[in-house]
Amino acid sequence: MPEKLLRPADVAELLGVSYDCACQLMKSMRCVNLSRDPNAVRPRWAVTVSEIDRWQKERTQRPDDYVAPPPQKKGRRARNVVAFDPNLWEIGPDGKPRIKRKRA
């Protein structure tokens, strides 16, 4: 008896992820095209349970290859921030705070 083919919704339920995430993860698995036309624009992919097990074992043996790039230095605008000084503020006649004016 052939193995059961799982569609993205079934894979999402089995792995405990969203449908979109399951579609992305299935791209890294060996999938079977269920479309009538093999050259279809939107193929209908399915995977077997044994393929999911093989994929999970491979993922646990090999950690992710992604290494985050070092953070870039802040731009001129971000570095040019003036520290907050409460002495630069005063309470105006309307009761709201405003920047002090220079008086002669």
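Quick note: the coordinates plus some simple rules give every number you see, no bench work behind them. Keep in mind the model is a prediction, meaning the values are calculated, not measured. Because the Cβ atoms are built from the backbone with ideal geometry, glycine has one as well, and the counts that use them run over all protein chains shown.
One table, with the values for the structure above:
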| read-out | value |
| --- | --- |
| Candidate values (i) 28.9, 95; (ii) 17.8, 60; (iii) 13.1, 37, label of the one derived for Rg and Dmax of the Cα atoms in Å | (i) |
| Selection of chymotrypsin sites (Phe, Trp or Tyr not before Pro), the range 28-104, meeting DSSP coil and at most 14 other Cβ within 10 Å | Tyr66, Phe84 |
| Gap separating the Cα centres of the range 47-94 and the range 26-42, nearest whole Å | 35 |
| Given 12 as the ceiling on other Cβ atoms within 10 Å, longest exposed-site-free region of the chain for trypsin sites (Lys or Arg not before Pro) in DSSP loops | 37-72 |
| Calculated from backbone phi, Karplus (6.51, -1.76, 1.60) coupling profile of the range 96-101 in Hz, x at Gly/Pro | 9, x, 9, 6, 5, 9 |
| In Hz, Karplus ³J(HN,Hα) per residue of the range 25-37 (6.51, -1.76, 1.60; θ = phi - 60°; x = Gly, Pro) | 5, 5, 5, 9, 10, 7, 9, 10, 8, 9, 5, 5, 9 |
| Nearest 10 degrees, 0 to 90: helix 49-61 Cα axis against the chain principal axis | 50 |
| Amide H contacts of Thr48 (H built 1.01 Å from N, under 5 Å, at least 5 apart or other chain) | Leu6 |
